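Notes follow the structure.
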Amino acid sequence: MGTHGSLSQSRRKMKQKKATTRRGRPVKQDAAQDKQERILDAAEEYFSEHGFDGVSIRDVARAAAVDTALLHYYFDTKRGLFDAVFRRRAEILNRMRIESINAYAQRMGDKVTVEGAVEAFTGPVFDLAAQGDERWKHYFALLAQVYPDHHIPMDAYHAKRIPPPRRAGA
């Protein structure tokens, strides 16, 4: 009788443990997102150091610890990967620029100046270049390489045009 009671207690404990812990593989979306981020981080670093032509899909896959097929699955081509690297930070930077320009326009009302608008537009770039982490430094190094290199179109960077600032009271 003593053995039977302790057996049912251990079964109850196992059921409770199953209810509170998750077994098996991690959620696919989280794992996929993590792999994509690792790929983008590796590609950003490699492209910033070696340029578009100096990087292969295999280099990025090796650095991200994934199979090359996964890069093709997510990004299709090396150019698709390059565009995704740009788009990831460009969207953040452009959002910051819009917020900065809108805040400037709100503060200044009808007294907006060209100098002030340019400062509001470029301020986020300088702030991130000075205070951003290593990944932002890679992004800006990549920008510096790409702008003078006209054989790489900047579609990904300019994909989201910056709208004009909202006027105070508008």
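The values are calculated or read from the model by the stated rules, or taken from the named source; none is laboratory data. As the structure is a prediction and not an experimental result, all values here were calculated from the model. Neighbour counts are summed over all protein chains in view; Cβ atoms, including those assigned to glycine, are modelled from backbone coordinates with ideal geometry. Each accessible area value is taken on the protein alone, full model and side chains, heavy atoms only, with ligands, DNA and RNA left out. Shrake-Rupley method; radii C 1.70, N 1.55, O 1.52, S 1.80 Å.
Against the condition open to solvent by less than 50 Å² (accessible area, probe 1.4 Å) and either outside any helix (DSSP H, G or I) or modelled with pLDDT of 95 or more (or both), how does residue 5 come out, does it pass? Before the answer, list the steps.
Details: open to solvent by less than 50 Å² (accessible area, probe 1.4 Å): yes; either outside any helix (DSSP H, G or I) or modelled with pLDDT of 95 or more (or both): no.
No, not satisfied.
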> Do you know which residues across the range 34-78 are open to solvent by 60 Å² or more (accessible area, probe 1.4 Å), in contact (Cβ under 8 Å) with a residue 24 or more places away in the chain and not in a helix (DSSP H, G or I)?
Replying inline: 65
> In the range 92-136, how many residues are closer than 19 Å to residue 42 by Cα and among the charged types (D, E, K, R)?
Replying inline: 3
>> When the residues of the range 124-142 are narrowed to those that are open to solvent by less than 20 Å² (accessible area, probe 1.4 Å) and assigned to a helix (DSSP H, G or I), which ends up modelled with the highest pLDDT?
In response: 124
